[in-house]
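One structure is given below, encoded as structure tokens.
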Amino acid sequence: MSRYTNGLVIRDPGVPAEVVELGLPEIGPGQVRVEVRAAGVCHSDLSMINGTLRPPHPLVLGHEAAGVVVETGDRVSRVRVGDHVVLNWQPACRSCWFCDHDQPWLCSTSSGVAALENGMTLDGAPVHVTLGLGAFAEQVVAPENAVIPVPPQLDFDLAALLGCSVLTGSGAVRNTARVQPGETVLVLGLGGVGLSAVAAARAAGAGKVIAVDVSEAKKGLAEAAGATDFLVSSDGLSKEVRGLNSKLGADHAIECVGRASTIRAAWRATRRGGQVTVVGMGAADDMVQLGALDIFSSARTLKASVYGQADTDLEVPALARAVLDGTLNLDHLITDRITLADVPAAFDRMSRGEGARSVAIL
Ligand SMILES: [Zn+2]
Ligand SMILES: [Zn+2]
């Protein structure tokens with residue numbers, strides 16, 4: 001018998017997302033069916049609908065989620081029915097070149113896939129699911145390596161954030177930038193990822209954490225996350241940062257926007273020999289121009305951090321334990337708890353730069 005679920009779908013580019021009934025695939029060997037209990041509204045989903053990314057359609061949105069395993073296929077060993085799990089949009093195969101070389105976040109079996117078919121149907125026709133998940137749905141079917149068990153004591157809304165924004169922001173600071181005590185860290189773009197980066201920089205012992213956003217309204221959120229200073233983004237950013245930092249420039253800039261203009265701003269605001277870590281996922285045709293002489297003489301490093309450069313199977317449970325023992329406070333990150341049908345309005349708020357994370361509670 002076929003199963004159905006409700007999910008948030010975009011039928012064609014430019015058409016508003018709507019909650020519709022979808023056919024769920026029968027689960028196969030190595031797959032699990034998860035009842036989604038909470039799903040966060042992430043900027044990458046907005047990029048799927050505002051033209052920054054160009055995924056195939058129809059498309060089920062959503063990739064930052066947590067829920068309960070309700071069915072397991074043959075040969076599933078890592079979870080059982082009833083387990084609470086965080087969904088992982090970059091599952092590691094553990095056998096490709098990257099997995100063999102301790103870079104599971106670059107696993108070649110899932111890298112770079114914005115959306116793919118997984119057997120879900122809409123009116124009998126195949127639909128695509130965002131980042132292999134399509135988590136804005138009451139239920140999803142996923143491979144077992146795309147679910148990470150977490151303690152049942154952890155609230156689903158907080159657990160959901162561990163699957164994208166928190167892992168991405170904190171991993172960029174800890175694993176890619178490797179921020180050291182006393183360093184000055186600039187964070188550009190204060191959505192869920194940026195605010196997580198601010199908190200991680202503070203936790204890493206950064207001397208100054210300078211948070212930057214286009215919206216003055218993010219100041220309170222930035223300070224709650226641990227920022228020592230807040231600046232509204234402007235052409236004079238580099239000068240303002242140097243004014244806060246003995247004229248030197250930041251040791252690190254964490255770019256959480258994914259635009260050439262902010263990557264350039266991050267580059268200019270960093271000291272000679274400093275490091276820019278790009279976390280935001282930008283558009284393919286948004287070119288970053290840097291002078292060849294500038295690259296040499298500034299001796300700066302430009303790095304990307306994909307999914308927090310983390311082994312998700314180890315770091316998500318570690319983050320879950322940190323939330324439960326009180327060493328990682330995520331309460332300030334969730335500013336709106338909403339329904340699935342309210343997610344499009346949350347995208348509008350995100351476009352206007354309002355609030356931090358909206359989380360759909362299912
Ligand atoms: Zn995300
Ligand atoms: Zn792999």
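Points to keep in mind about this one:
- Exactly one residue among 278, 232 is at pLDDT 95 or above and open to solvent by less than 30 Å² (accessible area, probe 1.4 Å), and that residue is 278.
- Lone qualifier among 93, 99 - being away from ligand 1 (no atom under 16 Å from the Cβ) and assigned to a helix (DSSP H, G or I): 99
- Residues being assigned to a loop (DSSP other than H, G, I, E, B) and among the charged types (D, E, K, R) - total across the stretch 218-246: 1
- Residue in the stretch 60-72 that is part of a loop (DSSP other than H, G, I, E, B), more than 18 Å from the chain's Cα centre (by Cα) and at negative phi present: no
- Of all residues making up the stretch 112-145, the number that are within 21 Å of residue 43 (Cα to Cα), in contact (Cβ under 8 Å) with a residue 24 or more places away in the chain and either within 16 Å of ligand 2 (Cβ to nearest atom) or surrounded by fewer than 24 Cβ atoms within 10 Å (Cβ to Cβ) (or both): 5
- In a residue-by-residue description of the stretch 310-332, the property of being on the phi > 0 side of the Ramachandran plot, of a type outside the set (Phe, Trp, Tyr) and under 17 Å from the mean Cα position of the chain (by Cα) applies to no position.
- Residue in the stretch 62-69 that is in contact with a strand residue (DSSP E or B) (Cβ under 9 Å, 6 or more places away or on another chain), over 16 Å from residue 161 (Cα atoms) and surrounded by fewer than 19 Cβ atoms within 10 Å (Cβ to Cβ) present: no
- Among residues of the stretch 73-95, those that are open to solvent by 20 Å² or more (accessible area, probe 1.4 Å), among the hydrophobic types (A, V, I, L, M, F, W, C) and within 16 Å of ligand 2 (Cβ to nearest atom), counted: 2
- Number of residues in the stretch 102-128 that are within 17 Å of residue 39 (Cβ to Cβ) and within 14 Å of ligand 1 (Cβ to nearest atom): the value is 1.
- Residue match in the stretch 297-315 (condition: over 19 Å from residue 197 (Cα atoms), acidic (Asp, Glu), in contact (Cβ under 8 Å) with a residue 60 or more places away in the chain and open to solvent by 30 Å² or more (accessible area, probe 1.4 Å)): yes
- For residue 217, the conditions (1) open to solvent by less than 30 Å² (accessible area, probe 1.4 Å); (2) touching a residue at least 24 places away in the same chain (Cβ under 8 Å); (3) under 29 Å from residue 47 (Cα atoms) all hold with the exception of (1).
- Subset tally (residues that are open to solvent by 60 Å² or more (accessible area, probe 1.4 Å) and hydroxyl-bearing (Ser, Thr, Tyr)) for the stretch 96-110: 2
The values are calculated or read from the model by the stated rules, or taken from the named source; none is laboratory data. Source: prediction; values computed, not measured. Backbone-built Cβ (ideal geometry, glycine too); neighbour counts: all protein chains shown. Keep in mind that these areas ignore ligands, DNA and RNA; they rest on the heavy atoms of the full protein, side chains included. Shrake-Rupley method; radii C 1.70, N 1.55, O 1.52, S 1.80 Å.
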